[in-house]
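The values are calculated or read from the model by the stated rules, or taken from the named source; none is laboratory data. Note that this is a predicted model, so its numbers are computed, not measured. Here the Cβ is made from the backbone with ideal geometry for all residues, glycine too, and neighbour counts use every protein chain on show.
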Amino acid sequence: MTFSAHGIILRSLVLAGLALILSACTESGGGANPIAVANTVTVSGTVGGTRIVAMNDNDQIVVEDDTAGRPPSTPGRFPFTLASLPIGSNTRLFFISNGTLFPFYLGGTNVFTFNSAGPVDFGFVTMNAGTGRSTPEFPPVNVTPKPENPNTPPGLIPGTAPTIVITSPSAGAAVPVGPVTVSFTTQFFTIGTTGQNHLHFYLDNDLLVPYMFYNGPLIDSSNGVLYNGEHTHSVHWKSATSFDILGLPSTAHTVRFVLADQNHNELANTTKTLSFSVSQPPSGDLKLESVISGLEFPVGMALAPDGRVFFNERLTGKIRIINQLWQLVNQPFCQLSVATSGEQGLLGLTLDPNFAQNHFVYVYYTVVGATMNRVARYTESSGLCSTQETVILDNLPVNSFHNGGIIQFGPDGKLYVIIGDAGNMANSQTLTSLAGKILRVNPDGSAPSDNPFFNNANANAKKVFSFGHRNSYGFTFHPHTKHLWETENGPGDSDEINRVIAGGNYAWDANQRRGILNDPCCVDPIAVYFPLPCTTCTIAPTGIIAIPEDSTVYPVAYRNNLLFVNYNFGQIRRLVLAGTNLTQLGTQSIAYNGGNGGLLSLMLGADGFVYVSNASGIFKVVPQ
């Protein structure tokens with residue numbers, strides 16, 4: 001959030017009652033600055049012995065003067081001159097005396113522009129220790145006040161150059177798998193909100209786009225770290241001097257820090273680099289074997305009847321094909337134009353149940369311009385998509401985050417679509433809004449007559465299967481029971497695993513209700529990670545899948561179990577289902593302890609093995 005000065009009040013304070021004109025001169029004397037340039041302003045006056053600096057919006061010194069060694073014009077008053085100040089540009093002046101900085105204020109602001117050329121006499125400039133400001137004897141009338149800039153430009157006072165100190169982890173440290181908390185302090189530099197001084201940092205080989213770290217009023221984990229101007233799940237703001245890096249693989253990492261001004265100009269001589277490594281975790285029941293690398297955020301893996309695998313790359317807009325030998329086909333199946341800010345992009349993919357006959361491929365994506373999300377259908381022919389798009393669902397809610405986007409066909413032949421709350425929590429409880437819902441539609445996008453709210457007069461409500469969802473990155477249909485199981489991301493706590501039933505309310509609303517409520521209004525999750533009051537231990541569950549009851553590649557004890565993955569720890573977690581209809585939670589464990597970074601999507605392959613993706617590749621999940 002940005003803050004602006006009260007312009008009208010400021011203008012009245014500066015201009016009211018002032019009868020001076022530009023050429024007014026009631027006190028003589030001036031410094032030995034260069035000759036003024038035409039069509040600029042030359043400021044003069046006297047001061048009680050100091051250095052005077054004029055700076056532009058980029059905290060660059062435009063001109064300065066120093067009265068040291070200069071004879072006074074009258075006792076205790078030393079002349080100064082600032083020549084050739086530009087007209088129409090934002091200007092700040094600073095008077096520095098005995099190591100103390102006194103920003104120059106006109107009325108209620110320290111930022112102003114000169115409107116016309118000529119000389120300006122401030123008279124005697126007073127440096128007030130009580131207010132910490134300097135003010136003129138003769139305020140000019142040819143200025144336009146601008147919003148105040150309270151940031152202190154770095155390095156103006158000798159010995160106070162801004163620096164950053166990394167406090168943890170220590171250099172070269174080996175840290176465990178999971179969120180890595182990086183802590184730091186700054187000296188002679190205040191990190192503010194957007195539009196003010198802040199911190200840039202770069203992760204590993206991503207050296208072109210900085211993460212921007214802010215602090216101040218209304219800053220929290222949703223807006224304290226921005227990447228390309230948007231919230232990111234890769235890094236979360238944690239405190240005024242720390243952030244969490246999520247989903248790191250077990251290898252060496254670097255974070256390069258540099259201080260930046262309000263215009264994102266990085267300050268010279270303020271760079272610090274942290275090097276550390278993420279340790280290999282202990283082994284579990286399962287391990288990952290790489291099958292394809294070098295991908296761009298692969299999600300939405302879907303197995304075709306002929307053994308090929310289709311998947312989408314969220315950030316490139318490409319739909320790719322892997323052949324039956326698990327070799328990546330070089331030419332993309334399809335190239336879509338998509339918006340990719342925040343959590344937008346090419347988000348989901350599934351194949352029609354009758355793919356062998358109709359060759360239909362369904363995708364969920366954010367349209368260019370981020371005006372909406374859309375479900376569309378393409379037709380495959382000889383490994384390429386048709387140029388003609390068939391829109392299935394249009395004008396779906398969109399935001400920079402919480403777009404949902406996972407799509408699958410159920411055993412009933414209907415298309416199920418998860419849509420996040422799109423940043424509006426209340427809409428999750430409103431049937432007429434598609435945000436915060438799981439939709440159930442026919443393959444052409446129409447509402448099935450046996451949907452739970454089909455008799456509702458509203459066209460959106462007719463398509464709703466369940467509501468009260470926050471945001472999900474995965475769901476699956478159990479092959480034995482046909483039940484729909486879904487992962488749900490909580491707001492810093494209470495990540496959930498839900499069994500979704502027709503017409504079910506899953507509680508998320510404007511009051512952020514989640515977790516085990518024991519309230520007849522809502523369906524409680526089967527498992528919660530982690531319950532309140534924990535506020536720093538989200539796991540961010542993503543893909544989920546069920547092991548078939550006739551599996552021959554996994555231990556017998558794994559049959560009919562649920563496996564789900566998470567992004568923050570990169571784990572595979574196992575849920576043993578219990579009860580006659582496998583609706584209850586028996587036991588749970590961590591089957592894979594991580595080490596390959598954040599995990600995204602799961603798919604059952606033609607060979608019976610589960611396959612999982614991370615941000616850059618796909619792995620086979622095999623028993624140890």
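Only one of the numbered conditions (1) buried (at least 18 other Cβ atoms within 10 Å of the Cβ); (2) more than 23 Å from residue 39 (Cβ to Cβ) is violated by residue 100, and that is (1).
With the requirement that a residue be within 27 Å of the chain's Cα centre (by Cα) and polar (S, T, N, Q), what does the stretch 381-407 give you? Listed by number, the residues that qualify are 395, 399, 400, 403.
Are any residues in the stretch 375-384 within 22 Å of residue 339 (Cα to Cα) and crowded, with 20+ Cβ neighbours inside 10 Å, and if so, which ones? Result: 375, 377, 378. Only one of 426, 435 is small (Gly, Ala, Ser), in contact with a Ser or Thr (Cβ under 7 Å, 6 or more places away or on another chain) and either in a helix (DSSP H, G or I) or crowded, with 17+ Cβ neighbours inside 10 Å (or both). Can you tell me which? Exactly one of 426, 435 is small (Gly, Ala, Ser), in contact with a Ser or Thr (Cβ under 7 Å, 6 or more places away or on another chain) and either in a helix (DSSP H, G or I) or crowded, with 17+ Cβ neighbours inside 10 Å (or both), namely 435.
Among the residues of the stretch 463-511, those that are charged (D, E, K, R), out of contact with any Leu (no Cβ under 9 Å at 6 or more places or on another chain) and either over 20 Å from residue 541 (Cβ atoms) or not in a loop (DSSP other than H, G, I, E, B) (or both) comprise 482, 486, 488, 495, 496, 509. Being at pLDDT below 95 and under 28 Å from residue 573 (Cα atoms) is true of residue 343. Residues in the stretch 290-325 that are hydroxyl-bearing (Ser, Thr, Tyr) and surrounded by fewer than 17 Cβ atoms within 10 Å (Cβ to Cβ): 290, 293. Note on the stretch 260-277: residues that are of a type outside the set (S, T, N, Q) and surrounded by 15 or more Cβ atoms within 10 Å (Cβ to Cβ) total 6.
The stretch 86-135 holds strands (runs of 3 or more DSSP E) entirely within its bounds, and those carrying 2 or more residues that are out of contact with any Pro (no Cβ under 8 Å at 6 or more places or on another chain) map to 92-97, 100-103, 118-128. Check whether at least one residue in the stretch 529-550 is over 29 Å from the mean Cα position of the chain (by Cα), of a type in the set (D, E, K, R) and farther than 22 Å from residue 411 by Cα, and report yes or no. No, there is no match, as no residue in the stretch 529-550 is over 29 Å from the mean Cα position of the chain (by Cα), of a type in the set (D, E, K, R) and farther than 22 Å from residue 411 by Cα.
Conditions tested, residue by residue: (1) part of a strand (DSSP E or B); (2) of a type in the set (S, T, N, Q); (3) more than 27 Å from residue 416 (Cα to Cα).
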{"position": "514", "(1), (2), (3)": "no, no, no"}
{"position": "560", "(1), (2), (3)": "no, yes, no"}
{"position": "565", "(1), (2), (3)": "yes, no, no"}
{"position": "580", "(1), (2), (3)": "no, yes, no"}
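Looking at residue 182, is it part of a strand (DSSP E or B), of a type in the set (A, V, I, L, M, F, W, C), closer than 30 Å to residue 249 by Cα and not assigned by TED's automatic domain parsing to the domain that holds residue 44?
Numbers: part of a strand (DSSP E or B): yes; of a type in the set (A, V, I, L, M, F, W, C): yes; closer than 30 Å to residue 249 by Cα: yes; not assigned by TED's automatic domain parsing to the domain that holds residue 44: yes.
Answer is yes for this residue.
Can you name every residue in the stretch 275-329 that is touching a strand residue (DSSP E or B) at 6+ places or on another chain (Cβ under 6 Å), of a type in the set (Asp, Glu) and not in a strand (DSSP E or B)? Scanning the stretch 275-329 gives 285, 296.
One residue alone among 80, 138 is crowded, with 18+ Cβ neighbours inside 10 Å, assigned to a strand (DSSP E or B) and not charged (D, E, K, R), and that residue is 80.
For the stretch 588-624, enumerate the residues that are over 29 Å from the mean Cα position of the chain (by Cα), under 15 Å from residue 285 (Cα atoms) and either modelled with pLDDT of 95 or more or among the hydrophobic types (A, V, I, L, M, F, W, C) (or both). Explain how you work it out, then say what you get.
First, pick out the residues of the stretch 588-624 that are over 29 Å from the mean Cα position of the chain (by Cα): 588-589, 591, 604-610, 620-624.
Remaining after also requiring under 15 Å from residue 285 (Cα atoms): 588-589, 591, 609-610, 620-624.
Across the stretch 588-624, the qualifying residues are 588, 589, 591, 609, 610, 620, 621, 622, 623.
Restricted to the stretch 202-266, the set of strands (runs of 3 or more DSSP E) holding at least 3 residues that are within 15 Å of the chain's Cα centre (by Cα) comprises 211-213, 225-227, 235-239, 242-245. Taking the numbered list (1) modelled with pLDDT of 90 or more; (2) not assigned by TED's automatic domain parsing to the domain that holds residue 111 in turn, residue 2 passes all entries but (1). A single entry from 152, 135, 100 fulfils the requirement of being polar (S, T, N, Q) and touching a strand residue (DSSP E or B) at 6+ places or on another chain (Cβ under 6 Å): 135.
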